[in-house]
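Structure first, then comments.
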Amino acid sequence: MNETPMRVYAEIDLDAVRENVRALRARAPRAQLMAVVKSNAYGHGAVPCARAAQEAGATWLGTATPEEALALRAAGIEGRVMCWLWTPGGPWREAIEADIDVSVSGMWALDEVREAARAAGRTARIQLKADTGLGRNGCQPADWAELVGAAVAAQAEGTVQVTGVWSHFACADEPGHPSIRLQLEAFRDMLAYAEKEGVDPEVRHIANSPATLTLPESHYDLVRTGLAVYGVSPAPELGTPAQLGLRPAMRLKASLALVKSVPAGHGVSYGHHYVTEAETHLALVPAGYADGLPRCASGRGPVLVGGKVRRAAGRIAMDQFVVDLGEDLAEPGDEAVVFGDAERGEPTAEDWAQAAHTIAYEIVTRIGGRVPRVYLGG
Ligand SMILES: *Cc1c(COP(=O)(O)O)cnc(C)c1O
C-alpha cells in the first residue's frame with residue numbers, strides 16, 4: 001500500500017462506513033437516514049464518507065456549516081444535503097442555488113433566506129428548528145408562533161418551502177434521562193402547531209446516533225446519525241461498537257521511530273513524569289498532540305505495539321510519545337496501532353476518550369490535518 005512507511009496515518013475503512021449505515025438503517029427501518037459528515041466526517045474525510053454512506057442507502061447528508069455543505073456539492077455529490085449552523089451574512093444564495101436544505105432557527109435567518117431566494121429567483125428549502133429543551137440553537141416555544149407564521153407567509157409568497165421541522169436532544173446518550181421524554185413532548189407539540197398553521201414537512205426529525213440506537217419513538221421520518229456511522233460508540237453506557245452492531249472505520253497507525261535500551265532510573269519525556277524502574281526498552285511513537293492525541297492522556301493513552309497494549313510513558317508531546325516495552329523488543333518501523341478495533345485486540349477511540357476524560361467524538365474529530373488519510377474499500 002505505502003512504499004514509504006508513513007510516520008502516522010489514519011486508515012479509513014469505507015466498507016465499515018457502509019456496514020454501519022446499513023446496520024443503522026436496520027435499527028430505524030421506517031425512517032430515512034442522514035449521514036452527518038460535518039467536521040470532515042468527524043475526521044474521517046467528508047467526501048469519501050459521504051459517497052460511501054450514500055452507497056449504503058443514506059438519502060440525506062448533514063453538515064454544520066454551509067461551507068461544508070457547499071464543499072460536498074463542489075465535489076460533485078448529489079442528493080439531499082442539509083446544513084444548520086448559520087450566522088448573519090452567510091452564503092444563503094449559494095446554498096439555495098446548490099439545492100441545499102437550510103435550517104432556520106430565528107427571524108433573522110428567515111429574513112435573510114427570503115431575501116436571498118428573491119435575489120436568486122428560486123424557492124429556498126428551509127427546515128424550522130425547534131429548541132425543545134437543548135437550550136442551544138433552535139427556536140424557543142415562546143417564539144415559535146412568530147417564526148411559523150412568518151415561514152407560512154413566506155411559503156405563500158413562494159420564496160421558501162418548509163421541507164422539515166426538526167430538533168436536537170440534550171441527553172440522548174443517557175437513556176432514561178427525564179429531559180428525553182420532555183423534549184419528545186415539546187417536539188410533538190411544536191410540530192402539531194406548525195402543521196395546524198399550514199406547514200407540511202417532508203421530514204420531521206430529532207434523533208441523533210444515541211437516540212437512533214436506543215429510542216425508536218424518536219425516529220420519525222429521518223434519523224441524523226453522525227458518530228455511529230463511523231463505528232464509534234456515543235457513550236460507554238450504550239455499549240461497545242461491537243455490542244451496537246458497529247465497526248470502527250478509523251484505525252490510527254504509526255511506525256516506531258526508534259527503539260533503545262535505557263538504564264533503570266531514567267526519566268522519560270518532558271517533566272520526567274515517568275521514570276524507568278529497571279533497565280528497559282523504550283519505543284518512540286511519532287505521533288503527538290499536534291496530530292490530535294490529547295496531551296491530558298499522558299501516562300494513560302494506550303497503544304498496541306508487538307501484540308500488547310501498552311500505555312504512554314510520561315508526557316505526550318507535540319509530535320511524539322514513548323512507550324516502555326520492558327523486556328520486549330521491537331524494531332524501528334514496526335507498527336504501532338494507537339486506536340482501531342477492539343475486536344482485533346487494538347485500543348479504541350473510546351479507550352483514548354476515557355484516558356483523556358472526554359468523549360470519543362472528540363478523539364476521532366481532532367485527528368489533525370497533518371495525519372494523512374488512507375482509504376480502504378474505496
Ligand atoms: C452532530 C449532530 C448530529 C449527529 O450527532 P451524533 O451523536 O454524532 O449522531 C445530529 N444533529 C445535529 C444537529 C448535530 O449537530
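Where in the chain are the DSSP H helices whose C-alpha atoms run 27 Å or more along the long axis and whose mean Kyte hydropathy is at least -1.0?
Membrane-span-like by this criterion, though nothing is claimed about a membrane: 178-196.
Please list, by residue number, every one of the GluC sites (Glu not before Pro) in the range 53-158 that is coil in DSSP and has at most 14 other beta-carbon atoms within 10 Å.
Sparse-neighbourhood loop GluC sites (Glu not before Pro): Glu78.
Roughly how many Å is it from the Cα centre of the range 228-296 to that of the range 45-60, as a whole number?
29 Å
Taking only C-alpha pairs under 8 Å that are 6+ residues apart, what is the relative contact order of the chain in percent?
Computed value for the chain: 18 percent relative contact order.
Describe numerically, in nm with one decimal, the distance between label points set 7 Å from Cα along Cα→Cβ at Ala342 and at Thr358.
Spacing of the two 7 Å Cα→Cβ label points: 2.0 nm.
So what are the radius of gyration and Dmax for the Cα set of the chain, in Å?
23.5, 79
Considering only DSSP beta bridges whose two residues both sit in the chain, what percent are antiparallel, to the nearest 5?
Bridges in the chain are about 50 percent antiparallel.
Once you place label points 7 Å from the Cα toward the Cβ at Arg136 and Thr123, how far apart are they in nm?
3.1 nm
For Asp334 and Glu55 in one chain, what is 0.36 nm times their gap in residues minus the Cα-Cα distance, to one decimal in nm?
96.9 nm
The numbers here are math on the coordinates, done by the rules we state, and not lab data. All values reported here derive from a predicted model rather than from experimental measurement. Glycine gets a Cβ as well: all are built from the backbone with ideal geometry, and neighbour counts include every protein chain shown.
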